[in-house]
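Chemist: Dropping a structure here in C-alpha cells format, bear with me for questions.
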Amino acid sequence: MGDTKEVETTTQEKDTKKKHPEYKITKELGVLGNRGNVGWTIQLNEIQWDPNNPETKYDIRTWSPDRKILGKGISLNKDEALKLKDLLNSIEL
C-alpha cells in the first residue's frame with residue numbers, strides 16, 4: 001500500500017523519514033474488513049497515542065498482519081465516537 005508508514009516505537013526523529021509516535025493498543029474491538037489478499041485488515045481499536053497522556057482514542061485504520069505497518073485512518077475521542085454512533089444509527093443501511 002503506497003499510503004502506509006513504518007511504525008516506530010520512538011518519537012519523531014530529526015531525519016527526512018516521518019516516524020509515528022509511540023502507541024499502545026489498549027483494547028482490540030474488532031475487525032471491520034480486509035484489504036487485498038495479503039492479510040491487511042481494517043480494525044477498530046482503542047489506542048493510546050501518547051505515553052504521557054492516559055486518554056485513549058477509538059481508532060479505525062488498516063494494519064499489516066504483524067502490525068508493524070499501519071495505514072491511514074481516523075482516531076476519535078469519546079464524544080466524536082458517540083456522535084458517529086448516533087449518525088450511523090440514524091441512517092438506513
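The values are calculated or read from the model by the stated rules, or taken from the named source; none is laboratory data. Keep in mind that what you see is a predicted model, and the values were worked out from it rather than measured. Neighbour counts are summed over all protein chains in view; Cβ atoms, including those assigned to glycine, are modelled from backbone coordinates with ideal geometry. Surface areas here come from the heavy atoms of the whole protein model, side chains and all, with no ligands, DNA or RNA. Shrake-Rupley method; radii C 1.70, N 1.55, O 1.52, S 1.80 Å.
Chemist: Collect the residues in the stretch 50-93 that are touching a residue at least 40 places away in the same chain (Cβ under 8 Å), touching a Lys or Arg at 6+ places or on another chain (Cβ under 9 Å) and not polar (S, T, N, Q), keeping them in residue-number order. Walk me through how you get there before you give the answer.
Modeler: Narrowing the stretch 50-93 to residues touching a residue at least 40 places away in the same chain (Cβ under 8 Å): 62, 64, 67-72.
With touching a Lys or Arg at 6+ places or on another chain (Cβ under 9 Å) added as a condition, the list becomes 62, 69-72.
Those that are touching a residue at least 40 places away in the same chain (Cβ under 8 Å), touching a Lys or Arg at 6+ places or on another chain (Cβ under 9 Å) and not polar (S, T, N, Q): ILE69, LEU70, GLY71, LYS72.
Chemist: Now for a different question. Looking at the stretch 19-42, which of its residues are crowded, with 16+ Cβ neighbours inside 10 Å and assigned to a loop (DSSP other than H, G, I, E, B)?
Modeler: Of everything in the stretch 19-42, those that are crowded, with 16+ Cβ neighbours inside 10 Å and assigned to a loop (DSSP other than H, G, I, E, B) turn out to be HIS20, TYR23.
Chemist: Tell me which residues, restricted to the stretch 43-93, are open to solvent by less than 50 Å² (accessible area, probe 1.4 Å), hydroxyl-bearing (Ser, Thr, Tyr) and touching a Leu at 6+ places or on another chain (Cβ under 8 Å).
Modeler: Of everything in the stretch 43-93, those that are open to solvent by less than 50 Å² (accessible area, probe 1.4 Å), hydroxyl-bearing (Ser, Thr, Tyr) and touching a Leu at 6+ places or on another chain (Cβ under 8 Å) turn out to be THR62, SER64.
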